[in-house]
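Some notes on the structure that comes next.
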Amino acid sequence: MDAGAVAQLRDKLAEFIDEVFVSVPRRDQRGWGGCYLRGLMLDGRRKSVQPMAGRLPDGNMQALQQFVSQSPWDHVSVLRAIARKMAGAIGPRAWVVDDTSFPKSGSHSVAVARQYCGAVGKRANCQVGVSVHAVTDAASCPLTWRLFLPPEWDDRGDPRRARCRMPEEAGHVSKATLALEILDVLSRWGLARRPMVADAGYGQSAAFRHALRERGLDYVVMVRGDEIAHEGAAEPFQPAYGGLGPPTLPRYRTRARPLADHVLAAGRAGLRYVTWRQGSRGPMRSRFRVLQVRCAGKAARAAATEAGGGRNAWDGVLPLETLLAEWPARTPAPANFWLTNLPPATALRHLVQLAKIRWRIEHDYREMKSGLGLDHFEGRTWRGWCHHVTLVTAAHAFLTLRRLNPKVLTSP
């Protein structure tokens with residue numbers, strides 16, 4: 001936005017700040033929060049503190065730096081207020097989990113490590129943030145975030161932890177575990193549950209899908225075609241005990257096959273065309289089919305054994321899941337695969353719409369990075385990172401509300 005457009009929204013932005021920053025007690029802090037948000041929305045190549053302060057008529061670099069990197073305001077309470085407001089405004093069809101990277105040139109910023117960086121498409125120095133978004137085809141918004149700590153940051157004796165002012169309890173856990181923590185937080189915040197959608201980075205994990213089922217959450221998650229499974233109708237049998245060693249476990253008589261092979265064996269006859277939304281170039285349409293499967297492999301068996309009460313109590317039955325497969329026309333094999341625990345009678349179009357709704361989260365990341373400076377923050381501390389992504393989320397939420405209802409967020 002140019003300076004004139006931002007100035008026109010100043011009063012409405014102040015109202016928004018008063019609402020979502022209600023937990024921030026000091027008026028001057030809320031004022032610098034509004035100033036920071038205006039800096040994020042204002043046109044400019046860099047959205048770090050110094051250039052934003054220079055562009056803003058009331059900008060003060062020292063005050064903005066102190067507000068975002070040192071001031072002890074509670075970012076969790078602000079994110080909770082934003083999440084509740086946006087969930088009500090958007091009316092999400094799904095929650096989408098994903099992660100995004102923040103490239104860094106040095107090694108001293110909190111949680112920086114050499115790891116896969118999606119922003120550059122290879123391993124590089126970066127931070128990684130995990131987020132869950134409320135999503136419809138028309139609008140979406142991040143609800144809350146977690147910063148992924150690589151294993152090398154788990155060493156409590158690493159002096160970088162002290163320099164970055166990391167909480168003592170913060171340690172390395174998987175991105176899937178961070179996503180589950182976020183879902184538990186959203187539940188405590190009282191947000192109405194929605195089907196969980198994720199890419200194969202999360203969906204491929206049998207333990208992650210098991211944890212979603214344990215929480216009573218529906219899911220539609222992407223998996224690879226080489227994930228092995230039995231047919232849905234397959235049943236385990238109990239081999240006779242030979243009298244030596246521990247009791248034999250139930251097992252399936254047939255060998256588990258890759259999901260792609262299950263779809264190929266079913267053939268093209270049952271494929272159905274589905275249009276899931278209107279794109280910029282016309283209807284988005286492809287061919288799909290649904291099959292019932294029981295995912296196998298060590299991880300799937302371990303999750304099922306745990307859910308069944310342990311080795312001696314488990315009946316050997318692997319969970320029944322629905323496989324959604326996309327097989328585009330004029331291709332020799334299916335291209336995409338999703339697993340879901342939604343009932344088998346769920347309408348195919350509904351399943352496809354949920355599976356394909358992940359495009360919105362990529363739109364969020366692109367908008368927050370290119371327009372709002374999500375990855376422009378130059379501070380190194382844990383608190384600074386958390387504050388910056390919270391402020392970017394607030395700016396994104398404000399602009400999303402403005403798009404949804406321009407009359408509400410337009411000054412008279």
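Structure notes:
- Region 154-189 - residue that is among the charged types (D, E, K, R) and not in a loop (DSSP other than H, G, I, E, B) and, of those, nearest to the chain's Cα centre (by Cα): Lys175
- Test result for Ala335, over 20 Å from Ala5 (Cα atoms), open to solvent by 40 Å² or more (accessible area, probe 1.4 Å) and free of Cβ contacts under 8 Å to residues at least 24 places away in the same chain: yes
- As a summary of the residue check, Leu64 satisfies the conditions (1) crowded, with 19+ Cβ neighbours inside 10 Å; (2) within 28 Å of the chain's Cα centre (by Cα); (3) in a helix (DSSP H, G or I) except for the one numbered (2).
- Qualifying residue in region 388-406 (condition: more than 30 Å from Gln8 (Cβ to Cβ) and surrounded by 16 or more Cβ atoms within 10 Å (Cβ to Cβ)): no
- Yes/no for Val76 being open to solvent by less than 10 Å² (accessible area, probe 1.4 Å) and either on the phi < 0 side of the Ramachandran plot or within 21 Å of the chain's Cα centre (by Cα) (or both): no
- Within region 93-128, tally of residues that are outside any strand (DSSP E or B) and open to solvent by 10 Å² or more (accessible area, probe 1.4 Å): 11
- Region 306-317 - residue that is under 18 Å from Gly232 (Cα atoms) and out of contact with any helix residue (DSSP H, G or I) (no Cβ under 8 Å at 6 or more places or on another chain) and, of those, least open to solvent (accessible area, probe 1.4 Å): Gly316
- Tally of residues being touching a strand residue (DSSP E or B) at 6+ places or on another chain (Cβ under 7 Å), outside any strand (DSSP E or B) and in contact (Cβ under 8 Å) with a residue 60 or more places away in the chain across region 280-331: 8
- Unmet requirement for Gly88, which otherwise passes all of (1) open to solvent by 10 Å² or more (accessible area, probe 1.4 Å); (2) within 17 Å of Arg194 (Cα to Cα); (3) touching a strand residue (DSSP E or B) at 6+ places or on another chain (Cβ under 9 Å): (3)
- Of the criteria (1) within 23 Å of Lys356 (Cα to Cα); (2) surrounded by 12 or more Cβ atoms within 10 Å (Cβ to Cβ), which one Gly216 fails: (2)
- Selection count, region 94-112, where residues are of a type outside the set (Val, Ile, Thr), touching a helix residue (DSSP H, G or I) at 6+ places or on another chain (Cβ under 7 Å) and at pLDDT 95 or above: 4
- Test for Asp137: is it at pLDDT below 95, closer than 25 Å to Val220 by Cα and either outside any strand (DSSP E or B) or under 15 Å from the mean Cα position of the chain (by Cα) (or both): yes
- Subset of region 197-213 [without any contact (Cβ under 8 Å) to a residue 60 or more places away in the chain and surrounded by fewer than 23 Cβ atoms within 10 Å (Cβ to Cβ)]: Ala200, Gln204, Ala211
- The criterion of being assigned to a loop (DSSP other than H, G, I, E, B) and either over 11 Å from Val132 (Cβ atoms) or under 15 Å from the mean Cα position of the chain (by Cα) (or both) holds for Arg193.
- Within region 338-354, the set of residues being crowded, with 23+ Cβ neighbours inside 10 Å and either in a loop (DSSP other than H, G, I, E, B) or in contact with a Phe, Trp or Tyr (Cβ under 7 Å, 6 or more places away or on another chain) (or both) comprises Thr340, Val352.
The values are calculated or read from the model by the stated rules, or taken from the named source; none is laboratory data. Fair warning: this is a prediction, and the values are worked out from it, not measured in the lab. Using ideal geometry, Cβ is built from the backbone for each residue, glycine included, and neighbour counts are taken over all protein chains shown. Quick note on the areas: whole protein, heavy atoms, side chains included, nothing else; ligands and nucleic acids left out. Shrake-Rupley method; radii C 1.70, N 1.55, O 1.52, S 1.80 Å.
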